1. If a residue has to be in a helix (DSSP H, G or I) and of a type in the set (Gly, Ala, Ser) to count, how many in region 1-20 make the cut?
2. If I ask for residues that are small (Gly, Ala, Ser) and in a loop (DSSP other than H, G, I, E, B), which ones from region 76-90 would you list?
3. Take the residues of region 26-42 that are hydrophobic (A, V, I, L, M, F, W, C) and more than 8 Å from the chain's Cα centre (by Cα): which is most open to solvent (accessible area, probe 1.4 Å)?
4. Among residues belonging to region 1-29 that are within 17 Å of ARG43 (Cα to Cα) and among the hydroxyl-bearing types (Ser, Thr, Tyr), point out the one that is modelled with the highest pLDDT.
5. Looking at region 51-65, which of the residues that are surrounded by fewer than 24 Cβ atoms within 10 Å (Cβ to Cβ) and of a type in the set (Gly, Ala, Ser) is farthest from ALA10 (Cα to Cα)?
6. Return the residues of region 48-75 that are assigned to a strand (DSSP E or B) and among the hydroxyl-bearing types (Ser, Thr, Tyr); say none if nothing qualifies.
7. Condition test on VAL39, is it at negative phi, outside any loop (DSSP other than H, G, I, E, B), in contact with a Gly (Cβ under 6 Å, 6 or more places away or on another chain) and not polar (S, T, N, Q)?
8. If a residue must be surrounded by fewer than 14 Cβ atoms within 10 Å (Cβ to Cβ), more than 14 Å from GLU51 (Cβ to Cβ) and touching a residue at least 40 places away in the same chain (Cβ under 8 Å), how many such residues does region 74-101 contain?
Amino acid sequence: MTRITTPFDAKSTAADVVDGIDLTGRRAIVTGGASGIGVETARALAGAGAEVTIAARNLAAGEQVAADIIATTGNKQVFVAPLDLSDLASVAAFAGAWDGRCTSWSTTPA
């Protein structure tokens with residue numbers, strides 16, 4: 001068995017992990033992106049140039065986080081979509097609305 005090593009440790013941040021990586025043209029969905037570690041994950045991905053969809057139960061919180069991420073990163077490709085992973089109907093609706101882009105959901109103006 002080969003041991004997997006990484007230069008990161010418990011003090012590493014999401015920004016540390018994407019430092020020097022260009023994610024322009026890539027898309028990311030961050031579940032739980034309206035709170036906790038999800039916020040910083042979404043921020044790091046957006047900061048690296050990715051189009052980010054924050055999938056959240058609380059859309060108001062998601063919109064507030066998206067506005068902050070847009071303001072702090074300058075990346076206007078931050079979207080918010082409704083998703084409750086504990087509700088199969090919500091998961092089905094999210095998957096059904098996904099067409100590879102985030103245009104069917106809201107975007108928060110900068």
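The values are calculated or read from the model by the stated rules, or taken from the named source; none is laboratory data. These figures come from a predicted structure and were not determined experimentally. Cβ atoms come from the backbone with ideal geometry, glycine included; neighbour counts cover every protein chain shown. The area values use the complete protein model at the heavy-atom level, side chains included, leaving out ligands, DNA and RNA. Shrake-Rupley method; radii C 1.70, N 1.55, O 1.52, S 1.80 Å.
1. Selection size over region 1-20: 2.
2. If the condition is that a residue be small (Gly, Ala, Ser) and in a loop (DSSP other than H, G, I, E, B), then SER86 is the only one that fits.
3. This residue is ILE37.
4. Across region 1-29, the extreme among qualifying residues is THR24.
5. ALA60
6. Residue satisfying the conditions is THR53 alone.
7. no
8. 1
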